[in-house]
């Protein structure tokens, strides 16, 4: 069994993406790792080169900045890198530049790949998510956060990155048949110094919306306002070891005030049902679980 990791990145330094941590978190179980480095305004390419592993294969790409609807450019760039992975690899492990895997989960992920490598009824493998917000000691528990997503796929080029690269489907827009890994993706996209988060938001939404929408909905500010959030809880678990330095250097303040959270009655009822019985009513699953 051969495994190729892959990701895309652009302006990692400018917007403080933890892409090195993302890559190195899964590098031990990958035989090669393909990185699509987009045309950047900083030294992103040098940053990837600094990983210093002969597993790393850099693919230089140019992003189409005219694709400003639904984050399509992210899917296009993801497909470019996926398509460049040779057929000798059985599995392709996709990780986004603000995601990370805990080292304790690597053995069960590898075991899941081994068990399902020759299973033609399995297109991919599913992960659970921990979404961090504001700081490293808070995790999102409300309905705005997706609970599962596909991050490992068979090396089948009929599989395509879906919409804004959140997950995968077939070229015919069919959901992939997947099995659960039992492992977690730690998502840190909403944990940055407030200035870096604000800069990222102003740039990031350009991949979804036109200038008119941006001017109406994205507030110009020096720092991001983290207070506009619903339900969080204190995180007491362990972070991946590769994030230790970032956590140690996190020097901004974040205060979560439960009393200021505003949710309507319907939201509260649905959240309590999910909390009590684990059933998310109305959950839009981008996959099909297979036995």
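The values are calculated or read from the model by the stated rules, or taken from the named source; none is laboratory data. Quick caveat, the model's predicted, so the values are computed rather than measured. With ideal geometry, Cβ positions are generated from the backbone for all residues, glycine too; neighbour counts draw on all protein chains shown.
Just to be sure I understand, how many residues within the stretch 51-81 are in a loop (DSSP other than H, G, I, E, B), closer than 17 Å to residue 21 by Cβ and modelled with pLDDT of 95 or more?
Filtering the stretch 51-81 for residues in a loop (DSSP other than H, G, I, E, B) gives 51-55, 62-71.
Narrowing the set further to residues that are closer than 17 Å to residue 21 by Cβ leaves 51-53, 55.
Next, from what is left, pick out any that are modelled with pLDDT of 95 or more: 51, 53, 55.
Residues that pass the stated criteria total 3.
Could you list, in sequence order, the residues of the stretch 111-135 that are part of a loop (DSSP other than H, G, I, E, B) and under 14 Å from the mean Cα position of the chain (by Cα)? Write out each step before concluding.
Taking the stretch 111-135 and keeping what is part of a loop (DSSP other than H, G, I, E, B), we get 117-123, 134.
Residues satisfying the conditions do not exist here.
Here is a yes/no grid of residues against (1) under 20 Å from residue 192 (Cα atoms); (2) at pLDDT below 95:
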site	(1), (2)
124	no, no
141	yes, yes
144	yes, yes
147	no, yes
150	no, no
154	no, no
157	no, no
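Hey, among the residues in the stretch 11-45 that are in a helix (DSSP H, G or I) and more than 23 Å from residue 109 (Cα to Cα), which one's farthest from the chain's Cα centre (by Cα)? Full working, then the answer.
We begin by selecting, within the stretch 11-45, every residue in a helix (DSSP H, G or I); these are 19-29, 44-45.
Going one step further and asking which of them are more than 23 Å from residue 109 (Cα to Cα), we end up with 44-45.
On the way: 44: 18, 45: 20 Å.
Among those residues, the one meeting the criterion is 45.
Regarding residue 62, is this residue touching a strand residue (DSSP E or B) at 6+ places or on another chain (Cβ under 8 Å) and either closer than 28 Å to residue 191 by Cβ or free of Cβ contacts under 8 Å to residues at least 40 places away in the same chain (or both)? Spell out how you get there, then give the answer.
On the way: touching a strand residue (DSSP E or B) at 6+ places or on another chain (Cβ under 8 Å): yes; either closer than 28 Å to residue 191 by Cβ or free of Cβ contacts under 8 Å to residues at least 40 places away in the same chain (or both): yes.
In short, yes.
Residue by residue through the stretch 231-242, note down the ones that are within 17 Å of residue 184 (Cα to Cα) and either surrounded by fewer than 17 Cβ atoms within 10 Å (Cβ to Cβ) or touching a strand residue (DSSP E or B) at 6+ places or on another chain (Cβ under 6 Å) (or both). Steps first, please.
First, the residues of the stretch 231-242 that are within 17 Å of residue 184 (Cα to Cα): 235-242.
Hits for the stretch 231-242 are 235, 236, 237, 238, 240, 241.
Among the residues of the stretch 128-145, are any surrounded by fewer than 20 Cβ atoms within 10 Å (Cβ to Cβ), in contact (Cβ under 8 Å) with a residue 60 or more places away in the chain and closer than 28 Å to residue 211 by Cα?
Yes, the stretch 128-145 contains at least one residue that is surrounded by fewer than 20 Cβ atoms within 10 Å (Cβ to Cβ), in contact (Cβ under 8 Å) with a residue 60 or more places away in the chain and closer than 28 Å to residue 211 by Cα.
If you scan the stretch 76-95, which residues turn out to be closer than 30 Å to residue 211 by Cβ and surrounded by 22 or more Cβ atoms within 10 Å (Cβ to Cβ)? Working first, answer last.
So in the stretch 76-95, the residues closer than 30 Å to residue 211 by Cβ come out as 76-81.
Hits for the stretch 76-95 are 77, 78, 81.
Could you figure out which of (1) buried (at least 20 other Cβ atoms within 10 Å of the Cβ); (2) over 23 Å from residue 166 (Cβ atoms) isn't true of residue 13?
Among (1) buried (at least 20 other Cβ atoms within 10 Å of the Cβ); (2) over 23 Å from residue 166 (Cβ atoms), the lone unmet condition for residue 13 is (1).
Where the second residue is modelled with pLDDT under 75 and assigned to a helix (DSSP H, G or I) and the first is over 23 Å from residue 232 (Cα atoms) and lies in the stretch 185-213, which pairs have Cβ atoms under 7 Å and are six or more apart or on separate chains?
205/214; 206/214
Any idea which of 8, 48 is within 23 Å of residue 187 (Cβ to Cβ), in a helix (DSSP H, G or I) and at pLDDT 95 or above?
Values: 8 fails: in a helix (DSSP H, G or I).
The conditions single out 48.
Return the residue satisfying two criteria in turn: it lies in the stretch 261-286 and is loosely packed, with under 10 Cβ neighbours inside 10 Å and farther than 23 Å from residue 150 by Cα, and of such residues it is modelled with the highest pLDDT.
Here the answer is 262.
Could you tell me whether residue 106 is more than 17 Å from residue 18 (Cβ to Cβ), out of contact with any helix residue (DSSP H, G or I) (no Cβ under 8 Å at 6 or more places or on another chain) and not in a loop (DSSP other than H, G, I, E, B)? Steps first, please.
Working: more than 17 Å from residue 18 (Cβ to Cβ): yes; out of contact with any helix residue (DSSP H, G or I) (no Cβ under 8 Å at 6 or more places or on another chain): no; not in a loop (DSSP other than H, G, I, E, B): yes.
Against the criterion (more than 17 Å from residue 18 (Cβ to Cβ), out of contact with any helix residue (DSSP H, G or I) (no Cβ under 8 Å at 6 or more places or on another chain) and not in a loop (DSSP other than H, G, I, E, B)), residue 106 does not qualify.
Pick out the one residue from 251, 228 that is assigned to a loop (DSSP other than H, G, I, E, B), loosely packed, with under 10 Cβ neighbours inside 10 Å, modelled with pLDDT of 85 or more and out of contact with any strand residue (DSSP E or B) (no Cβ under 9 Å at 6 or more places or on another chain). Outline the logic, then answer.
On the way: 228 fails: modelled with pLDDT of 85 or more.
One residue alone meets the criteria, 251.
Identify, please: which residue in the stretch 157-203 is within 14 Å of the chain's Cα centre (by Cα) and outside any strand (DSSP E or B) and is, among those, surrounded by the most Cβ atoms within 10 Å (Cβ to Cβ)?
So the residue we want is 191.
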